[in-house]
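Colleague: Can you read through this structure? Questions will come right after.
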Amino acid sequence: MNQTILCAALAALTLTACGNAAPQAIPTGAPAQRGGGQPYELLGTEVWDVPDPATGRTYQLFVNLPASYGKQPERRYPVLYVTDADYAFPIIRQIARRLNVEGPKIEEFILIGISYAKGDDGVASRRRDYTPTPNGPSDTPAGTKHGEATAHQAWLRDRALPFVTGRYRTAPGRNILLGHSYGALLAAQILLSEPEMFGGYVLGSPSLWFDKRHMFGVEAAYAAKHRDLKAKVFLYTGEYEAVRKGDARFNQETDLVADSRAFADTLRKRGYPGLVLKDEVLNDEDHVSVAPRGFTRALKVLLPVQK
């Protein structure tokens with residue numbers, strides 16, 4: 001699998017959103033765009049700069065509030081954080097709206113998109129910030145940086161999460177982290193080092209192959225020191241992310257389906273009493289096409305309407 005192509009595909013979409021001075025409810029009508037050839041905006045969203053003093057970089061948080069946010073001032077909401085926000089934020093925003101068109105299927109939630117480092121190339125930013133070791137794949141360009149996921153995790157813990165909880169009406173203990181590919185690798189690292197950071201984790205087509213399946217060693221180290229892993233975890237992969245030589249629909253080298261199944265099976269065998277785990281292989285999907293469908297399944301699994 002050519003990681004340069006996959007990274008470029010995930011980082012290809014860009015987003016322009018409205019930066020409001022105070023939390024705003026999603027407009028209930030059909031607001032008009034500005035016109036005159038100006039950029040398309042996701043009206044009702046917010047963008048905030050959140051610097052990282054430890055690295056000198058600045059990241060942005062894209063925010064979408066539920067339709068009821070301004071109407072129910074006493075209500076608190078679960079929060080879904082998504083990596084690769086340029087791609088994932090607008091898609092998940094619209095999926096969440098569509099799911100509830102004919103009656104509530106999922107809970108309303110605050111959506112937070114985690115941007116790439118401000119001013120950085122998106123592909124370079126995700127390679128650096130989402131990977132656990134400096135040992136990147138051989139097909140990446142010379143000079144590419146990997147292995148700063150721990151620093152990015154610290155920014156999430158110390159800067160991003162406090163910013164959100166301090167500004168919005170969030171439900172305690174109901175944060176969820178969703179990542180796809182390298183983003184899921186970051187989510188797996190957090191799950192196995194500071195699981196309490198989030199109550200739920202979505203590992204979409206996780207890059208568990210990275211650095212000779214480094215994350216399996218991290219899991220074994222966690223298991224050696226802990227008897228519980230309190231989290232709700234959903235893993236998804238696409239059918240064509242398995243290896244089938246000679247069939248162009250499938251991967252030819254890296255079997256993400258087998259790796260994800262092995263990871264899920266390992267966690268189940270640990271017998272953690274606080275772990276709720278579900279994994280799915282979605283038919284007729286590859287590494288890129290599976291993401292929107294995986295997002296939909298994740299919302300249904302982790303944010304079903306409370307009955």
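Colleague: Check region 239-250 and report whether any residue there is within 19 Å of the chain's Cα centre (by Cα), closer than 16 Å to Leu192 by Cβ, modelled with pLDDT of 95 or more and buried (at least 20 other Cβ atoms within 10 Å of the Cβ).
Modeller: Among the residues of region 239-250, not one is within 19 Å of the chain's Cα centre (by Cα), closer than 16 Å to Leu192 by Cβ, modelled with pLDDT of 95 or more and buried (at least 20 other Cβ atoms within 10 Å of the Cβ), which makes the answer no.
Colleague: Since Leu299 meets every condition but one in (1) over 25 Å from Val218 (Cβ atoms); (2) hydrophobic (A, V, I, L, M, F, W, C); (3) not in a helix (DSSP H, G or I), which condition does it not meet?
Modeller: (3)
Colleague: Among the residues of region 119-134, write down those that are touching a Phe, Trp or Tyr at 6+ places or on another chain (Cβ under 8 Å) and closer than 15 Å to Lys212 by Cβ.
Modeller: Scanning region 119-134 gives Thr131, Pro132, Thr133.
Colleague: Here's another thing I want to ask about it. Filter the strands (runs of 3 or more DSSP E) completely within region 44-125 down to those with at least 1 residues that are among the polar types (S, T, N, Q) and closer than 30 Å to Ala151 by Cβ.
Modeller: 45-52, 57-64, 110-117
Colleague: Using the structure shown, decide if Gly199 is surrounded by fewer than 23 Cβ atoms within 10 Å (Cβ to Cβ), within 18 Å of Leu186 (Cα to Cα) and within 18 Å of the chain's Cα centre (by Cα).
Modeller: So Gly199 passes the test.
Residues are listed down the side, and each one gets a yes or a no for (1) surrounded by fewer than 18 Cβ atoms within 10 Å (Cβ to Cβ); (2) part of a loop (DSSP other than H, G, I, E, B); (3) among the hydrophobic types (A, V, I, L, M, F, W, C); (4) without any contact (Cβ under 8 Å) to a residue 40 or more places away in the chain:
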position: Pro132; (1), (2), (3), (4): no, yes, no, no
position: Asp139; (1), (2), (3), (4): yes, yes, no, no
position: Arg159; (1), (2), (3), (4): yes, no, no, no
position: Phe163; (1), (2), (3), (4): yes, no, yes, no
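Colleague: Return the pairs, sorted by first residue and then second, in which the second residue is among the small types (Gly, Ala, Ser) and at pLDDT 95 or above, the first residue lies in region 44-71 and is more than 11 Å from Lys118 (Cα to Cα), the beta carbons are less than 7 Å apart, and the residues are 6+ apart or on different chains.
Modeller: Ala54/Ala151; Ala54/Ala154; Thr55/Ala151; Phe62/Ala85; Phe62/Gly113; Phe62/Ser115
Colleague: Would you say Lys307 is closer than 30 Å to Asn100 by Cα, among the basic types (Lys, Arg) and within 17 Å of the chain's Cα centre (by Cα)?
Modeller: When the stated conditions are applied, Lys307 does not pass them.
Colleague: Quick one: count up the residues across region 235-265 that are in a loop (DSSP other than H, G, I, E, B) and either free of Cβ contacts under 8 Å to residues at least 60 places away in the same chain or farther than 19 Å from Ser289 by Cβ (or both).
Modeller: 9
Colleague: Have a look at Val202, Val233, Val164 and point out the one that is at negative phi and either modelled with pLDDT under 95 or out of contact with any Gly (no Cβ under 9 Å at 6 or more places or on another chain) (or both).
Modeller: Being at negative phi and either modelled with pLDDT under 95 or out of contact with any Gly (no Cβ under 9 Å at 6 or more places or on another chain) (or both) holds for just one of Val202, Val233, Val164, which is Val164.
Colleague: For region 214-228, how many residues meet the condition of being outside any helix (DSSP H, G or I) and surrounded by 20 or more Cβ atoms within 10 Å (Cβ to Cβ)?
Modeller: Total satisfying the criteria: 0.
Colleague: Among the residues of region 68-92, write down those that are β-branched (Val, Ile, Thr) and either surrounded by fewer than 20 Cβ atoms within 10 Å (Cβ to Cβ) or more than 19 Å from Gly166 (Cα to Cα) (or both).
Modeller: Listed by number, the residues that qualify are Thr83, Ile91, Ile92.
Colleague: Looking for something modelled with pLDDT of 95 or more, aromatic (Phe, Trp, Tyr) and over 19 Å from Gln153 (Cα atoms) - is there at least one such residue anywhere in region 108-119?
Modeller: Among the residues of region 108-119, at least one is modelled with pLDDT of 95 or more, aromatic (Phe, Trp, Tyr) and over 19 Å from Gln153 (Cα atoms), which makes the answer yes.
The values are calculated or read from the model by the stated rules, or taken from the named source; none is laboratory data. In this text the structure is predicted, and so the values were computed from the model without any measurement. Neighbour counts run over all protein chains shown; Cβ positions are idealised from the backbone, glycine included.
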